[in-house]
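A.B. asks: Take a look at this one; I'll ask things after.
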Amino acid sequence: MAVRSAGILLYRTGVAGTEVLLGHMGGPFWARKDDGAWSIPKGEHGEDEEPLQVARREFEEETGTAPPAGPLLALGEATQRNGKLVTVWAVPGDLDPATTTSNTFTMEWPPGSGREQHFPEIDRTGWFDLDTATAKLVAGQRPFVERLRAALQPGTG
């Protein structure tokens, strides 16, 4: 059975057009990476959990703020390179990246040291226009940006 994950893609209209809020993945593996190292706020869920409820919970855990109650736009599912099946909804809203705080995870670092350290799941957030977001996101989540772009174009969706 595939691992499943659900998330919320927050979007707004900015100076450069539509912008989306992404989170840079935390921890030592991602620390020096930028392009391909950002993610939609999301998290794993079990078969018995409602994906939209998980998406809302994970957005709050990874940003420190509940997602807006605005209209949801279902962006469907995509499979990441690791086989994880991700489901995403988009919602309009605004959030100051300077105010975001993330939950943490624990891992042995450095490897083989026997020391466990805590790292934020998302170490920072930022707003990106859709073209930049496509470059920043891990490859398996890029289809969601294109689906949002298509849904927001006049005369489509």
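A.B. asks: Can you list residues from other chains, or at least 5 along the same chain, whose modelled amide H is less than 5 Å from the amide H of Val88?
C.D. replies: Placed amide hydrogens put Gly7, Leu75, Gly76 under 5 Å from Val88.
A.B. asks: Still on this structure: Determine the share of the chain's accessible area contributed by carbon and sulfur atoms, expressed in whole percent, with a 1.4 angstrom probe.
C.D. replies: Answer for the chain is 52 percent, counting heavy atoms of protein chains only.
A.B. asks: To make sure I understand the rule: partners must be aspartates and glutamates, Cα under 17 Å from the Cα of Lys42, and not fewer than 8 residues away in the same chain. Which ones qualify?
C.D. replies: Lys42 reaches Glu50, Glu58, Glu60, Glu61, Glu62, Glu77, Glu121, Asp123.
A.B. asks: Sticking with this one: Given the options Gly76, Gly46, Gly140, state which has the largest fluctuation in a GNM of the chain using a 10 Å cut-off (strictly under) for Cα springs.
C.D. replies: Gly46
A.B. asks: Among Thr104, Thr125, Thr63, determine the one that fluctuates most according to a GNM of the chain built with springs between C-alpha atoms less than 10 Å apart.
C.D. replies: Residue with maximal mean-square fluctuation among Thr104, Thr125, Thr63: Thr104.
A.B. asks: Read phi for every residue in segment 82-90 and hand back ³J(HN,Hα) as whole Hz from Karplus 6.51 cos²θ - 1.76 cosθ + 1.60, θ = phi - 60°, with x for Gly and Pro.
C.D. replies: With coefficients 6.51, -1.76 and 1.60, one gets 7, x, 5, 8, 10, 10, 9, 10, 9 Hz.
A.B. asks: Round to the nearest 10 and give me the degree value, 0 to 90, for the angle of helix 142-152's Cα axis relative to the longest principal axis of the chain.
C.D. replies: 20
A.B. asks: Considering only protein heavy atoms, what per residue accessible area in square angstrom results for the chain with a 1.4 angstrom probe?
C.D. replies: With all protein chains present, the chain gives 52 Å² per residue.
A.B. asks: Further, regarding this structure: Could you state the number of Å between the C-alpha centres of segment 78-157 and segment 1-45?
C.D. replies: One Cα centre to the other: 1 Å.
A.B. asks: Here's another thing I want to ask about it. Under the rule a/c < 1.5 gives rounded, and otherwise a/b versus b/c splits prolate from oblate, where does the chain land using the Cα gyration tensor?
C.D. replies: Prolate is the answer for the chain, as a/c is 1.5 or above and a/b outweighs b/c.
The values are calculated or read from the model by the stated rules, or taken from the named source; none is laboratory data. For clarity, every value in this text was computed on a predicted model and none was experimentally measured. Ligands, DNA and RNA are stripped out before the accessible areas are found, and what is left, the full protein with its side chains, is counted by its heavy atoms. Shrake-Rupley method; radii C 1.70, N 1.55, O 1.52, S 1.80 Å.
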